[in-house]
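Structure record follows, encoded as structure tokens.
The values are calculated or read from the model by the stated rules, or taken from the named source; none is laboratory data. From a predicted model like this one, the values you see are computed outputs, not experimental measurements. With ideal geometry, Cβ positions are generated from the backbone for all residues, glycine too; neighbour counts draw on all protein chains shown. Keep in mind that these areas ignore ligands, DNA and RNA; they rest on the heavy atoms of the full protein, side chains included. Shrake-Rupley method; radii C 1.70, N 1.55, O 1.52, S 1.80 Å.
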Amino acid sequence: MRKRNWLMGLAVPILAAVAVGIAVVVVSGGGGSGAQAPSALAAGFPPARLAGASFTGAAGTSRTILTAVGASRATEVTAGGVNGGPALWSSSDGGATWTRAALTGPAALTKAGSGQFAGVADGPAGWLAVGTTLAGRGGPLVASSPDARTWTVASGIAGNAVAAAVAAGPAGYVIVGRQSAGGSAASAAAWYAAGLTGWRTATVAAQGASGGQTMNAVTGTDHGFVAVGATDTGPAAWVSAAGRTWQQAAVPVPAGAARAALDYVAADGGAVVAAGTEFSATGASSPFAEVSANAGTTWTQVQLPVPDIGPGTGTTVTALTAAGGGFTAAGTYVTQAGPEVVIWTLPAGTPVTDGAAWAAATPEGTGLASTSAENAITALAADGVTLTGVGFTAKLAASGVPGAQQPTLWQSPVR
């Protein structure tokens, strides 16, 4: 689980792994109560596979964390870190084979222990990857590439800030995250550029949040951009036409939640889905979504279904993407037997405001369900009719404590 202050912990509630370098897990076995056969939907999802030497090195000993994946016209890019330093991998055949990308730039920004990438996106001028560097006093890390194979790494943006996500649209590129506001407080922050360089600080309208604000994710729509995150103890969303100025939109707060945050957002034209995790006063976690049919102007809350696979201790959302005219999300459902991957789907052609149309599945197989491993999918992207996911798997010791994590890759037809 991510270890941050509560505001950022909400931002990515289940896997400190993602923040510190954990990859998505796909595991074999039944993992649940064993009382139910997999649904027809679940049976349609294949297992995952270990990422292999392209990610962990020839000896298989590199500590690799996969935190983001992007896809564009059969080219796919996975972002994360190796041994505490930023790393990127590219595939030119739709995710079948991968090559670690070359990073050029100052050694302080590219060496082991120097930071990690958190987001990646393709746009009109090429690819961008963003994250956080530990060099100097720290700050945003920005890498650009015209072809997804060779990347130029730079600090890119001045200031004591964290870059959490990136998106592209006709107007250019936007990066979102948070800026230190003194002490432990944070304020939502965004930057924009027409191309891969020349970043400028955007204006983010403040709503008088006493507990801080953060932007955790961003996506492009047919009207500009939508970013989501948290304000104080509740979910938040912002809209922008070109990334230069951001206005906060009203977002319903989950009833009974002690705190909640939106961690992921995806769009198909003007249809937008944002997903996150809410926590009760006792710490129990539940998945929820906020949806908009008008590019983020107004929002409706949707409660994602929790699969009936036996008594559990909580469910968290870990990934989301627009796919095949619909939407697909992933999460982790913790049962008495161990954690399992949950896949939520909203079929193509279904209005995003139709909360009853979401279906939950608990697929089986390597990296998806196991009584002897911790599994998670931490990022999703769609390339045509194929989903690509990244994550991690970690075998559980007899004490129930996860062991060393191995990065995983998951590909499935869009359902």
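Could you please put Leu196, Leu304 in sequence from largest to smallest accessible area, using a 1.4 Å probe? Write out the running numbers ahead of the final one.
Numbers: Leu196 35, Leu304 5 Å².
The ranking, largest first, comes out as Leu196, Leu304.
Figure the gain on full extension for Ser280 and Thr203 (residue separation times 0.36 nm, minus the Cα-Cα span) and round it to one decimal in nm.
Working: separation 77, 0.36 × 77 = 27.72 nm, distance 3.30 nm.
Gain on extension, Ser280 to Thr203, equals 24.4 nm.
State, as an integer percentage, the relative contact order of the stretch 145-266 based on alpha-carbon contacts under 8 Å between residues 6 or more apart.
On the way: 285 pairs, mean separation 24.2, N = 122.
Relative contact order here is 20 percent.
Could you tell me the center-to-center distance, by alpha carbons, between the stretch 202-254 and the stretch 76-94 in angstrom?
28
Starting from the Cα-Cα distance between Arg49 and Asp93, subtract it from 0.36 nm times their residue separation and give me the gain in nm to one decimal.
Details: separation 44, 0.36 × 44 = 15.84 nm, distance 1.68 nm.
Residue separation times 0.36 nm, minus the Cα-Cα distance, leaves 14.2 nm.
For an R0 of 56 angstrom, estimate the FRET efficiency from the Cβ-Cβ distance between Ser180 and Ala356 and round to the nearest 0.05. Before the final figure, lay out the partial values.
Details: r = 42 Å, r/R0 = 0.75.
About 0.85, to the nearest 0.05.
Rank-order 137-143, 257-263, 367-373 by packing density, defined as the average count of other C-beta atoms within 10 Å over each peptide's residues, highest first. It would help to have the intermediate numbers written out before the result.
On the way: 137-143: 21.7, 257-263: 23.4, 367-373: 25.4.
In descending order of packing, they fall as 367-373, 257-263, 137-143.
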